[in-house]
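Each remark here refers to the structure printed beneath this line.
FYI, it's all coordinate maths here, none of it is from the lab. The structure presented is a predicted model; accordingly, all values stated were derived computationally and were not measured. Cβ sites come from the backbone with ideal geometry, for glycine too, and all protein chains shown count toward neighbours.
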Amino acid sequence: MAAIRRLGAADAAAFQALRVQALTDHPRAFGSDPAREAARTLAEVVTALETDHVLGAGTPLVGLAGFYMTPGLKRVHRGVLWGMYVAPAARRQGLGAALVAAIVAHARTRVEELRLGVAVDNAEAIALYQAAGFAAVGIDPHALKVGDCYVDELIMALRLAR
């Protein structure tokens with residue numbers, strides 16, 4: 001299995017390319033869009049990688065997952081797992097589970113609860129998150145609009161001992 005590591009400035013171009021691929025191939029799975037991601041300068045991507053805790057798998061990069069702490073004094077006890085993606089050729093090798101586990105391990109040192117949103121019809125991703133201990137806490141109807149179609153998101157949470 002590919003090694004999981006924190007991404008930094010040297011990974012900015014590879015991160016951006018894989019992120020654009022993810023957003024292009026799975027528009028219903030992400031809140032961002034490929035044109036917006038592709039338009040970011042490498043300096044902006046580097047800043048994002050330094051601000052959030054972004055992990056990658058493989059060389060070349062084949063998997064991504066990010067973590068950020070929820071802003072606001074009354075919400076700092078929560079973090080968000082975002083941008084989870086494994087390229088099709090690298091799936092079914094345990095990379096998704098390894099990325100989620102690494103984000104959870106990092107989150108345990110920072111927050112009391114980790115949350116994420118996943119399309120309600122993405123059964124594979126939901127099963128991955130449930131296997132990692134996440135549980136559904138609600139549904140955000142019409143969370144995304146892709147063309148003329150709405151995507152409802154299942155909000156999932158994992159309580160972490162601190």
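Summarising the label geometry, the points placed 7 Å from Cα in the beta-carbon direction at THR70 and ALA3 lie 3.5 nm from one another. Around ILE155, under 11 Å between beta carbons, what's the net of Lys plus Arg minus Asp minus Glu among the other residues? Cβ neighbours under 11 Å give a net charge of -2. Projecting each Cα onto the charge dipole of the chain (Lys/Arg +1, Asp/Glu -1 at the beta carbon, about the Cα centre), which of ALA2, ALA12, VAL76 comes out farthest on the positive side? Highest projection toward the positive end goes to VAL76. Relative contact order of segment 1-128: 24 percent, from C-alpha pairs under 8 Å at least 6 residues apart in sequence.
Once you list every other residue whose beta carbon is under 15 Å from the beta carbon of ALA38, what net charge do they have if Lys and Arg are +1 and Asp and Glu are -1? Show your work: numbers first, answer last.
Working: positive: ARG19, ARG36, ARG40; negative: ASP25, ASP33, GLU37, GLU44.
Result for the neighbourhood of ALA38: -1.
Taking the fewest neighbouring Cβ atoms within 10 Å as the starting point, the ordered list for ASP140, ASP148 is ASP148, ASP140. The phi torsions of segment 97-105, fed into the Karplus equation with coefficients 6.51, -1.76 and 1.60 and a -60° offset, translate into couplings of 4, 5, 5, 4, 4, 5, 5, 4, 4 Hz, rounded to whole numbers, with Gly and Pro shown as x. A straight line joining the Cα centroids of segment 10-30 and segment 36-68 runs 9 Å.
So, counting K/R as plus one and D/E as minus one, what does the shell of residues with Cβ under 11 Å around GLY66 add up to?
Details: positive: ARG6, ARG19; negative: ASP52.
Once all neighbours under 11 Å are counted, the net charge is +1.
Label zone of LEU42 (point 7 Å out along Cα→Cβ, amide N under 13 Å): in segment 1-18 this covers 9-17.
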